[in-house]
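Take a look at the structure below.
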Amino acid sequence: MEQIPLDVQLADHAVFETWLAGANGVLLHALRQAATVRAFAVCWLWGGPEFGKTHLLQACVNEAYQHDFRTAYLAVGPGSELKPAMIENMGDLDVICIDEIDSVAGCAEWEQAMFTLFESVRLRGTRLVMAAEKPPLHCAFSLPDLASRFASGATFRIHPLSDDDKIRAMQLRARWRGLELPDDVAAFLFARVARGNRFLFEMLDWLDRKALTEQKRLTIPFVRSFLLSSAG
């Protein structure tokens, strides 16, 4: 059992159990299969910001790790310090998840490294899971056949959650943290904060720490007081 150390800290909440599938049940099933079944698989998931792409990739790595597979999570987006040479030998791993892969499209060195990695995964019969904001054929890859190879696997668009599902997602995350977030409190919070998934979950994390410090339950008066103090 091995996770490749790349100075990337996986989020403690990034497991499949804390991700509400909504209309994405088929995608969730495919990623669970990729994480647990020893067979060749290529998955590409795409969607806008805050659609849960990073959560899903890290959850896939965490799940595979629990099944004794050798894994790696790579974030290659803006600000990443990873270099193409760092992935040269990663074709030997069982499950490789690459975040923001569309950000390296058009870079010849990165594209060649990705092509080599794909071929290694194919020959060894392992798994490659990638995330981007667009489908592979809509990304600006310039290396011949690279986009078509990426598109040869399963491609999934991540469907955004409805408002009701976002509330259920908050409650799911709260239960994972050992908190009880009643329906009325969840609705109260949801109606008063920005509705992006990341901000909602960050707000829940802050409330968790505050409730733990003060030994309080999550009630409407407690949440109202917290929001007022935060606004001040």
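Every number in this text was worked out from the coordinates using simple rules, so none of it is lab data. It should be emphasised that the depicted structure is a prediction, and the values quoted were computed from it without experimental measurement. Heads up, the Cβs are rebuilt from the backbone with ideal geometry, glycines too, and the neighbour counts pull from every protein chain shown.
Take every pair of alpha-carbon atoms less than 8 Å apart whose residues are at least six positions apart; their mean separation over the length of the chain yields a relative contact order of 23 percent. Ranked by how many other Cβ atoms sit within 10 Å of their own Cβ, fewest first, the residues Glu119, Glu63 fall in the order Glu119, Glu63.
Pairwise inverse Cα distances across the stretch 1-124, averaged and inverted, put the Kirkwood hydrodynamic radius at 14.9 Å. Answer with a single label: of (1) 39; (2) 47; (3) 35, which was calculated as percent of Cα pairs over 27 Å apart from the structure in view? Read-out from the structure maps to (1). In the stretch 73-117, inverting the average of 1/r over every pair of distinct C-alpha atoms gives 10.7 Å as the Kirkwood radius. Listed from fewest to most Cβ neighbours within 10 Å, the set Val61, Val15, Val185 follows the order Val15, Val185, Val61.
Could you pull out the pairs from Lys134/Lys166; Lys53/Lys83; Lys53/Lys216 whose alpha carbons sit more than 25 Å apart here? From Lys134/Lys166; Lys53/Lys83; Lys53/Lys216, over 25 Å: Lys53/Lys216.
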